[in-house]
1. State, as an integer percentage, the relative contact order of the chain based on alpha-carbon contacts under 8 Å between residues 6 or more apart.
2. Carbon-plus-sulfur fraction of the accessible area of the chain, 1.4 Å probe, in percent?
3. For region 25-37, in order, what is each residue's ³J(HN,Hα) by Karplus, 6.51 cos²θ - 1.76 cosθ + 1.60 with θ = phi - 60°, in whole Hz (x at glycine and Pro)?
4. Roughly how many Å² is the accessible area per residue of the chain, as a whole number, for a 1.4 Å probe?
5. For GLY58, list long-range residues whose amide hydrogen, built 1.01 Å from N in the peptide plane, is under 5 Å from its own amide hydrogen.
6. I want to make sure I understand the PRE zone here: with the label point 7 angstrom from the Cα of THR50 toward its beta carbon, which residues in region 102-116 have backbone N atoms less than 18 Å away?
7. In whole Å, what is the distance between the alpha-carbon centres of region 25-64 and region 71-125?
8. Length gain on complete extension for the stretch LEU78 to THR59, per 0.36 nm per residue less the alpha carbon to alpha carbon distance?
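The values are calculated or read from the model by the stated rules, or taken from the named source; none is laboratory data. What you see is a predicted model, and the numbers here were worked out from it, not measured in a lab. Cβ placement follows ideal geometry from the backbone for every residue including glycine, while neighbour counts extend to all protein chains displayed. Heads up: the accessible areas ignore ligands, DNA and RNA and are worked out on the full protein's heavy atoms, side chains in. Shrake-Rupley method; radii C 1.70, N 1.55, O 1.52, S 1.80 Å.
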Amino acid sequence: MNFPADLRYTSEHEWLRITEGNIAVIGVTDFAQSELGDIVFVEIETVGQTLATNEIFGTVEAVKTVSDLFLPVAGKILEVNPALANNPELVNSDPYGEGWMVKVEVADLTEVEALMDSAAYQNII
């Protein structure tokens, strides 16, 4: 499994990457997508909303189950990955790249530092 060192992680198996300033890209980890199996649908209808840390920002549907997606830090949902509408399997094939889920304007960057680094995340799974 792949656990990029430049990301931050949650115990709910989401990852976060700061791209510039206080803008972050968020997705699910390689571990999460492998546990879910073949992803067939991603539903995120929270664009424009400001959500609290650990609030549900969407769902991901796999062949066997539906799982909630939890926001790792408080912030405003700016954008949903448009490629997921027609190609939800990108979450399986490239969870840290083309399979990203949302872009978020982070309310408090200190929350990012509180998330797990790669080594800590690997220890919990």
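1. 31
2. Carbon with sulfur: 47 percent of the solvent-accessible area.
3. 9, 10, x, 9, 6, 4, 4, 4, 5, 6, 5, 5, x
4. Accessible area per residue: 49 Å².
5. Here LEU69 satisfy the definition.
6. In region 102-116, the label zone of THR50 (backbone N under 18 Å from the point 7 Å along Cα→Cβ) covers 103-112.
7. Using only Cα atoms to place each centre, the spacing works out to 9 Å.
8. Result: 5.2 nm gained on full extension.
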